[in-house]
Amino acid sequence: MKIDIITCLPELLTSYIDGSMLKIGREKGLVDIRVHYLRDWTTDKHRSTDDSPYGGGPGMIMKIEPLVKAIRDLKTEDSVVIYPAPSGVVYDQKTARELSELKHLIIICGHYKGIDGRIENFVDRMISVGDYILTGGELAAMILADSVCRLIPGVISDIGSADTDSFENGLLDCDYFTKPPVFEGLAVPEVLINGNHKAINEWRKNDSLEKTKTSRPDLYEKYKKIK
Ligand SMILES: C[S@@+](CC[C@H](N)C(=O)[O-])C[C@H]1O[C@@H](n2cnc3c(N)ncnc32)[C@H](O)[C@@H]1O
(Lines give C-alpha, C1' and ligand atoms only; values in the text may rest on other atoms or scores of the structure.)
Protein backbone atom coordinates (compact mmCIF):
# COMPACT_ATOMS: atom_id res chain seq x y z
CA MET A 1 0.00 0.00 0.00
CA LYS A 2 1.10 3.53 -0.72
CA ILE A 3 0.14 6.46 1.53
CA ASP A 4 0.88 10.07 0.59
CA ILE A 5 0.22 12.72 3.21
CA ILE A 6 0.13 16.40 2.28
CA THR A 7 0.81 18.82 5.13
CA CYS A 8 2.30 22.19 5.96
CA LEU A 9 3.89 20.66 9.11
CA PRO A 10 5.84 17.60 7.86
CA GLU A 11 7.99 17.36 11.00
CA LEU A 12 4.91 16.46 13.08
CA LEU A 13 4.44 13.36 10.96
CA THR A 14 7.98 12.16 10.35
CA SER A 15 8.74 11.74 14.05
CA TYR A 16 5.66 9.56 14.59
CA ILE A 17 6.25 7.52 11.45
CA ASP A 18 9.89 6.89 12.36
CA GLY A 19 9.00 5.62 15.83
CA SER A 20 5.96 3.47 15.09
CA MET A 21 4.55 0.42 13.33
CA LEU A 22 4.54 2.53 10.17
CA LYS A 23 8.33 2.38 10.09
CA ILE A 24 8.21 -1.42 10.41
CA GLY A 25 5.68 -1.60 7.56
CA ARG A 26 7.97 0.58 5.48
CA GLU A 27 11.08 -1.48 6.31
CA LYS A 28 9.28 -4.69 5.40
CA GLY A 29 8.37 -3.11 2.05
CA LEU A 30 4.64 -3.45 2.82
CA VAL A 31 3.85 0.27 3.19
CA ASP A 32 5.29 3.09 1.15
CA ILE A 33 4.42 6.14 3.26
CA ARG A 34 5.55 9.59 2.14
CA VAL A 35 5.08 13.01 3.68
CA HIS A 36 4.81 15.98 1.30
CA TYR A 37 5.34 19.62 2.14
CA LEU A 38 2.36 21.62 0.89
CA ARG A 39 4.47 24.74 0.32
CA ASP A 40 6.21 22.89 -2.53
CA TRP A 41 3.01 23.39 -4.55
CA THR A 42 2.68 27.14 -3.90
CA THR A 43 3.61 29.61 -6.62
CA ASP A 44 3.62 33.02 -4.89
CA LYS A 45 6.67 34.75 -3.41
CA HIS A 46 5.60 34.05 0.20
CA ARG A 47 4.68 30.41 -0.50
CA SER A 48 1.35 31.01 1.22
CA THR A 49 -0.96 28.15 2.06
CA ASP A 50 -3.67 30.18 3.83
CA ASP A 51 -5.60 33.42 3.54
CA SER A 52 -8.36 35.34 5.34
CA PRO A 53 -11.97 34.17 5.01
CA TYR A 54 -14.43 35.78 2.61
CA GLY A 55 -17.14 37.35 4.74
CA GLY A 56 -14.71 38.13 7.54
CA GLY A 57 -14.43 36.56 10.98
CA PRO A 58 -11.64 35.04 13.00
CA GLY A 59 -9.07 32.56 11.73
CA MET A 60 -7.39 31.78 8.45
CA ILE A 61 -8.53 29.39 5.72
CA MET A 62 -6.28 27.00 3.82
CA LYS A 63 -6.08 27.91 0.16
CA ILE A 64 -7.42 25.47 -2.37
CA GLU A 65 -4.91 25.95 -5.26
CA PRO A 66 -1.77 24.35 -3.75
CA LEU A 67 -3.79 21.46 -2.31
CA VAL A 68 -5.50 20.66 -5.59
CA LYS A 69 -2.18 20.91 -7.44
CA ALA A 70 -0.61 18.49 -4.96
CA ILE A 71 -3.54 16.05 -5.22
CA ARG A 72 -3.35 16.13 -9.03
CA ASP A 73 0.40 15.50 -9.02
CA LEU A 74 0.15 12.52 -6.68
CA LYS A 75 -3.09 10.98 -7.91
CA THR A 76 -3.25 7.81 -10.00
CA GLU A 77 -6.23 5.69 -11.04
CA ASP A 78 -5.81 3.67 -7.81
CA SER A 79 -5.89 6.66 -5.46
CA VAL A 80 -8.50 7.46 -2.83
CA VAL A 81 -8.19 11.02 -1.56
CA ILE A 82 -9.16 11.51 2.08
CA TYR A 83 -9.77 14.79 3.88
CA PRO A 84 -9.89 14.19 7.65
CA ALA A 85 -12.46 16.70 8.87
CA PRO A 86 -14.94 17.03 11.76
CA SER A 87 -17.79 17.02 9.20
CA GLY A 88 -16.75 13.63 7.80
CA VAL A 89 -18.16 10.20 8.53
CA VAL A 90 -17.00 9.05 11.99
CA TYR A 91 -14.08 6.63 11.72
CA ASP A 92 -14.27 3.07 13.03
CA GLN A 93 -12.51 -0.30 12.75
CA LYS A 94 -14.72 -1.40 9.85
CA THR A 95 -13.57 1.62 7.84
CA ALA A 96 -9.95 0.93 8.82
CA ARG A 97 -10.32 -2.64 7.40
CA GLU A 98 -11.89 -1.23 4.24
CA LEU A 99 -9.09 1.31 3.75
CA SER A 100 -6.40 -1.33 4.43
CA GLU A 101 -7.50 -3.16 1.28
CA LEU A 102 -6.92 -0.14 -0.98
CA LYS A 103 -3.75 0.45 -3.01
CA HIS A 104 -3.18 4.16 -2.55
CA LEU A 105 -4.38 6.71 -0.02
CA ILE A 106 -3.74 10.43 -0.33
CA ILE A 107 -4.48 12.24 2.94
CA ILE A 108 -4.63 16.01 3.10
CA CYS A 109 -4.17 17.86 6.40
CA GLY A 110 -6.28 20.89 7.19
CA HIS A 111 -5.32 23.67 9.60
CA TYR A 112 -6.59 26.95 11.07
CA LYS A 113 -10.38 27.22 10.42
CA GLY A 114 -10.10 24.43 7.84
CA ILE A 115 -9.70 24.16 4.06
CA ASP A 116 -11.62 26.25 1.50
CA GLY A 117 -15.03 24.54 1.24
CA ARG A 118 -14.58 23.86 -2.49
CA ILE A 119 -12.05 21.13 -1.56
CA GLU A 120 -14.99 18.73 -1.22
CA ASN A 121 -15.09 18.56 -5.02
CA PHE A 122 -11.55 17.17 -5.13
CA VAL A 123 -11.62 14.51 -2.40
CA ASP A 124 -13.22 11.05 -2.35
CA ARG A 125 -13.91 10.74 1.35
CA MET A 126 -14.16 12.96 4.39
CA ILE A 127 -13.49 11.17 7.67
CA SER A 128 -13.86 12.45 11.22
CA VAL A 129 -11.80 10.83 13.99
CA GLY A 130 -14.41 11.80 16.59
CA ASP A 131 -16.64 14.53 17.93
CA TYR A 132 -13.90 16.88 19.10
CA ILE A 133 -11.65 19.43 17.39
CA LEU A 134 -7.96 18.95 16.70
CA THR A 135 -5.70 21.86 15.84
CA GLY A 136 -4.78 20.27 12.52
CA GLY A 137 -5.27 17.21 10.36
CA GLU A 138 -1.84 15.68 11.14
CA LEU A 139 -2.97 13.71 14.19
CA ALA A 140 -6.04 12.54 12.30
CA ALA A 141 -3.83 11.50 9.34
CA MET A 142 -1.66 9.49 11.74
CA ILE A 143 -4.72 7.84 13.29
CA LEU A 144 -5.82 6.74 9.84
CA ALA A 145 -2.35 5.65 8.66
CA ASP A 146 -1.51 3.76 11.88
CA SER A 147 -4.85 1.96 12.19
CA VAL A 148 -4.79 0.98 8.51
CA CYS A 149 -1.14 -0.15 8.32
CA ARG A 150 -1.34 -2.51 11.29
CA LEU A 151 -4.08 -4.40 9.40
CA ILE A 152 -1.94 -5.02 6.32
CA PRO A 153 -0.90 -8.69 6.46
CA GLY A 154 2.72 -9.00 7.63
CA VAL A 155 3.08 -5.56 9.26
CA ILE A 156 2.39 -6.94 12.74
CA SER A 157 4.59 -9.99 13.14
CA ASP A 158 2.38 -11.71 15.79
CA ILE A 159 0.06 -13.42 13.32
CA GLY A 160 -3.59 -12.98 14.23
CA SER A 161 -2.90 -10.41 16.97
CA ALA A 162 -4.78 -7.61 15.21
CA ASP A 163 -7.70 -9.96 14.49
CA THR A 164 -8.43 -10.42 18.20
CA ASP A 165 -8.32 -6.71 19.08
CA SER A 166 -11.38 -4.73 20.18
CA PHE A 167 -14.09 -4.05 17.57
CA GLU A 168 -12.92 -6.76 15.16
CA ASN A 169 -15.79 -9.07 16.16
CA GLY A 170 -18.03 -6.29 17.45
CA LEU A 171 -16.85 -6.63 21.08
CA LEU A 172 -14.13 -5.10 23.27
CA ASP A 173 -11.05 -7.27 23.71
CA CYS A 174 -10.60 -9.20 26.99
CA ASP A 175 -8.05 -8.30 29.68
CA TYR A 176 -4.52 -9.70 29.43
CA PHE A 177 -1.97 -10.31 32.20
CA THR A 178 1.73 -11.06 32.45
CA LYS A 179 4.20 -11.86 35.27
CA PRO A 180 4.15 -11.59 38.26
CA PRO A 181 1.18 -13.86 39.04
CA VAL A 182 0.41 -11.75 42.15
CA PHE A 183 1.03 -8.00 42.39
CA GLU A 184 0.25 -6.19 45.67
CA GLY A 185 -2.30 -8.87 46.51
CA LEU A 186 -3.91 -8.79 43.06
CA ALA A 187 -3.81 -12.26 41.51
CA VAL A 188 -4.04 -13.16 37.84
CA PRO A 189 -7.18 -15.29 37.21
CA GLU A 190 -6.19 -18.88 38.00
CA VAL A 191 -7.63 -20.21 34.75
CA LEU A 192 -5.04 -18.28 32.70
CA ILE A 193 -2.16 -19.99 34.48
CA ASN A 194 -3.21 -23.64 34.33
CA GLY A 195 -2.53 -24.23 30.60
CA ASN A 196 -6.03 -25.48 29.74
CA HIS A 197 -6.55 -23.71 26.42
CA LYS A 198 -10.23 -24.55 26.10
CA ALA A 199 -10.87 -23.00 29.53
CA ILE A 200 -8.62 -20.01 28.70
CA ASN A 201 -10.54 -19.31 25.47
CA GLU A 202 -13.82 -19.58 27.33
CA TRP A 203 -12.61 -17.15 30.04
CA ARG A 204 -11.46 -14.68 27.40
CA LYS A 205 -14.74 -14.84 25.50
CA ASN A 206 -16.71 -14.26 28.73
CA ASP A 207 -14.44 -11.42 29.84
CA SER A 208 -14.81 -9.78 26.43
CA LEU A 209 -18.62 -10.05 26.64
CA GLU A 210 -18.75 -8.76 30.23
CA LYS A 211 -16.40 -5.88 29.52
CA THR A 212 -18.42 -4.83 26.47
CA LYS A 213 -21.69 -5.09 28.39
CA THR A 214 -20.34 -2.84 31.16
CA SER A 215 -18.20 -0.34 29.24
CA ARG A 216 -19.98 -0.18 25.88
CA PRO A 217 -23.63 -1.23 26.23
CA ASP A 218 -24.27 0.26 22.76
CA LEU A 219 -21.82 -2.21 21.18
CA TYR A 220 -23.16 -5.07 23.29
CA GLU A 221 -26.74 -4.48 22.13
CA LYS A 222 -25.60 -4.36 18.50
CA TYR A 223 -23.60 -7.59 18.97
CA LYS A 224 -26.53 -9.40 20.57
CA LYS A 225 -28.79 -8.45 17.66
CA ILE A 226 -26.51 -10.00 15.02
CA LYS A 227 -25.61 -13.12 17.02
C1 LIG B 1 -9.21 23.55 13.89
S2 LIG B 1 -9.73 22.34 12.74
C3 LIG B 1 -10.99 23.17 11.87
C4 LIG B 1 -12.29 23.02 12.55
C5 LIG B 1 -13.46 23.56 11.76
N6 LIG B 1 -13.49 24.98 11.75
C7 LIG B 1 -14.73 23.02 12.41
O8 LIG B 1 -15.14 23.57 13.44
O9 LIG B 1 -15.28 22.02 11.93
C10 LIG B 1 -8.41 22.28 11.59
C11 LIG B 1 -8.26 20.96 10.87
O12 LIG B 1 -8.01 19.92 11.81
C13 LIG B 1 -8.51 18.69 11.30
N14 LIG B 1 -9.45 18.15 12.28
C15 LIG B 1 -9.86 18.74 13.43
N16 LIG B 1 -10.72 17.97 14.10
C17 LIG B 1 -10.85 16.83 13.41
C18 LIG B 1 -11.60 15.65 13.59
N19 LIG B 1 -12.41 15.49 14.63
N20 LIG B 1 -11.49 14.67 12.66
C21 LIG B 1 -10.68 14.82 11.59
N22 LIG B 1 -9.95 15.94 11.35
C23 LIG B 1 -10.03 16.93 12.24
C24 LIG B 1 -9.18 18.99 9.97
O25 LIG B 1 -8.27 18.68 8.94
C26 LIG B 1 -9.43 20.48 10.07
O27 LIG B 1 -9.48 21.08 8.79
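The values are calculated or read from the model by the stated rules, or taken from the named source; none is laboratory data. Since the structure is predicted, the reported quantities are computational estimates derived from the model, not experimental observations. Cβ atoms come from the backbone with ideal geometry, glycine included; neighbour counts cover every protein chain shown. Surface accessibility is based on the protein's heavy atoms, side chains included, excluding ligands, DNA and RNA. Shrake-Rupley method; radii C 1.70, N 1.55, O 1.52, S 1.80 Å.
Taking all protein chains as shown and a probe of 1.4 angstrom, HIS111 keeps an accessible surface of around 20 Å². These residues, THR42, THR14, go from largest to smallest accessible area, 1.4 Å probe, as THR14, THR42. Name the residues of the stretch 204-219 whose amide N is less than 20 Å from a point 7 angstrom out from the Cα of VAL188 along the C-beta direction? Flagged as within label range: 204-208. Within the straight-line cut-off of under 18 Å between alpha carbons, the aspartates and glutamates reachable from LYS225 are GLU168, GLU210, sequence neighbours fewer than 8 places apart in one chain being disregarded. State the percentage of accessible surface on the stretch 2-149 attributable to carbon and sulfur atoms; use a 1.4 Å probe and exclude ligands, DNA and RNA. Of all accessible area on the stretch 2-149, carbon and sulfur atoms account for 52 percent. Its relative contact order, with pairs defined as Cα atoms under 8 Å and 6+ residues apart, puts the stretch 2-149 at 30 percent. To the nearest ten degrees, helix 137-149 and the longest principal axis of the Cα atoms of the chain are 50 degrees apart.
Sort out the exposed loop chymotrypsin sites (Phe, Trp or Tyr not before Pro) in the chain (DSSP loop, at most 14 other Cβ within 10 Å) and tell me the longest stretch that has none. With a cap of 14 other Cβ atoms within 10 Å, the longest stretch comes to 55-131. Sparse packing (at most 12 other Cβ atoms within 10 Å of the Cβ) combined with a DSSP loop state is found for the following trypsin sites (Lys or Arg not before Pro) in the stretch 56-121: LYS103.
Return the sequence-ordered ³J(HN,Hα) values of the stretch 158-167 in whole Hz as given by the Karplus equation 6.51 cos²θ - 1.76 cosθ + 1.60 applied to θ = phi - 60°, using x for Gly and Pro. So the J values, rounded to whole Hz, are 6, 4, x, 4, 5, 6, 9, 6, 3, 6. Modelled spin labels at LYS45 and LYS179, positioned 7 Å past Cα toward Cβ, are 6.8 nm from each other. Accessible area of SER147 (1.4 Å probe, protein heavy atoms only, ligands and nucleic acids ignored): about 20 Å². Along the chain, counting only GluC sites (Glu not before Pro) with a DSSP assignment other than H, G, I, E or B and at most 15 other Cβ atoms inside a 10 Å radius, the longest segment between sites is 1-76. Comparing GLY136, GLY185, GLY57 in a Gaussian network model of the chain where C-alpha atoms under 10 Å apart are linked, the largest mean-square fluctuation is found at GLY185.
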